[in-house]
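Asker: For reference, the structure I am asking about is given below.
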Amino acid sequence: MNFPSPTSRIPWGNVGTGASRSALARALVIFLVVLFVSVSARAGEEAKAVFRPAIEAGDRYRTEAVTRLDLLFTAAEGEEGIPASFETERVSVVQVLEAEEGRPVRLVETVETSREMRQSPALGGKIETPGRLQGTVEAARMPGGEATVDIRNAKASGAVLEAERTRLAEELTRSELRLLSEEPVAAGATWKRSGRDLMHLLPHVDAKAFQKGEATFRLHEIERKDGKRHAIIEVLRFSVSLGREEGMRILLEGKGRFSVLLEKGAVVSLAVEGEAKLQRGPAGSLEGKGVFRSEKKVRFNRE
């Protein structure tokens, strides 16, 4: 918002006369009014969060993400349960090579850590795959919106590579911003979302397993950290149903919080947790219940 310069109305050449003192007093009043309006307008802008993508060519960001699920399986009522734990961990660095309208068009990702762990007495203890995928991945978004993914120097099975292609294609063609309000919002505002984009709350869980889901969000506050504005958003409630086989369903229900770096329009921290329920078979012949937690941290820097 542009305002005329308050000092342009002050008759600096006649400050020694009574008339000029009166004019000076009026000018000072104008100055204070304009200053107040200017500060109020800026305060209003600062008090609202606007979620827009602002990724640039040359941006680099490091992502660390962990998702853990602990369940207790039972085959029949009264039987002793069998515990099982599942965990995925991933650390990677992304270099944005090209960007358009605030979104990456071409990027290179270097995977430093990609680990999967399953642990249960039924599995004979702990099974850990420390290098599901390690190497360099390049992804590009084509003019029609489709994505191409080139995986180089990667050590992984065909199934893992295919899952990686799907994930990177979605990173280019979809955005975590779809979880956020499309309009500027102030602290206390709430909104709802549903659909597959809710998988952004569960980093590195296979999005193809998504069946249905819904969530309610609220802007808690806007804070400054290291001179940059962050929107702190609460996940008041979310429910996601997952399934990959006929008759099997995992229901995750919980809440959490994440932070959006408004300068980049990107989620830079995430923590969600809640309860998990599993049912398999036409009559629930295998059931399980437990807890889950997902965390993600992203650090931006430029070289």
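Asker: Compute the FRET efficiency between residue 52 and residue 98 as 1/(1 + (r/R0)^6), taking r as their Cβ-Cβ distance and R0 = 22 Å, and round to the nearest 0.05.
Answerer: About 0.75, to the nearest 0.05.
Asker: Suppose each label sits 7 Å from its Cα in the direction of the beta carbon; what would the residue 136-residue 62 distance come out to in nanometres?
Answerer: 1.9
Asker: Please work out the FRET efficiency for the pair residue 239 and residue 85, using the Cβ-Cβ distance as r and a Förster radius of 22 Å; give the result to the nearest 0.05.
Answerer: 0.50
Asker: Would you mind checking the pairs 126/277; 212/264; 208/228; 126/212; 126/255 and listing those with alpha carbons more than 26 angstrom apart?
Answerer: Details: 126/277 22 Å; 212/264 29 Å; 208/228 35 Å; 126/212 31 Å; 126/255 29 Å.
Over 26 Å apart, Cα to Cα: 212/264; 208/228; 126/212; 126/255.
Asker: When you have a sec, figure out the Kirkwood radius of segment 171-254 from all distinct Cα pair distances and drop it here in Å to one decimal?
Answerer: 14.2
Asker: Using a basic spin-label model with each label point 7 Å from the Cα along Cα→Cβ, how many nm lie between residue 196 and residue 257?
Answerer: 3.2
Every number here is computed from the coordinates shown, using simple stated rules; none is lab data. Nothing here was measured: the structure is a model prediction, and the numbers come from that model. Note that each Cβ is placed from the backbone with ideal geometry, even for glycine, and that neighbours are counted across all protein chains shown.
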